[in-house]
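The next block holds one structure in the form of structure tokens; read it before the comments.
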Amino acid sequence: MNKLPLSKDCRLRPEMTILEVVNKHRQTQAVFEKYDRQAGECLCCQALFSSLKEVAVHYGLDLENFLADLEEAAGP
């Protein structure tokens, strides 16, 4: 997992919902599926309207790594 600094260069922000992210960047769905195992349930099913930050806090995910993985999947 590559860590990216949370900067203005990142397209994805902690306050964005899972729905917003998947709607804009379909390829990120695979990242959410990867994190399903760590969360113990389907994130897109249970937290679709939650912000990325809320999801990270609720499921004990490292927000910085979570965002970096999503950014990487979203592509250039």
Helices (runs of 4 or more DSSP H) wholly inside segment 11-76 that include at least 3 residues being surrounded by fewer than 19 Cβ atoms within 10 Å (Cβ to Cβ) and more than 11 Å from the chain's Cα centre (by Cα): 29-39, 52-59
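Does GLU20 qualify as being in contact with a Cys (Cβ under 8 Å, 6 or more places away or on another chain) and of a type outside the set (Lys, Arg)? Working first, answer last.
Details: in contact with a Cys (Cβ under 8 Å, 6 or more places away or on another chain): no; of a type outside the set (Lys, Arg): yes.
Criteria not met by GLU20.
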Residue among LEU4, LEU12 that is in contact with a Cys (Cβ under 7 Å, 6 or more places away or on another chain) and at pLDDT below 95: LEU4
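The values are calculated or read from the model by the stated rules, or taken from the named source; none is laboratory data. In this text the structure is predicted, and so the values were computed from the model without any measurement. Methodologically, a virtual Cβ is constructed for each residue, glycine included, from the backbone with ideal geometry; neighbour enumeration extends over all protein chains shown.
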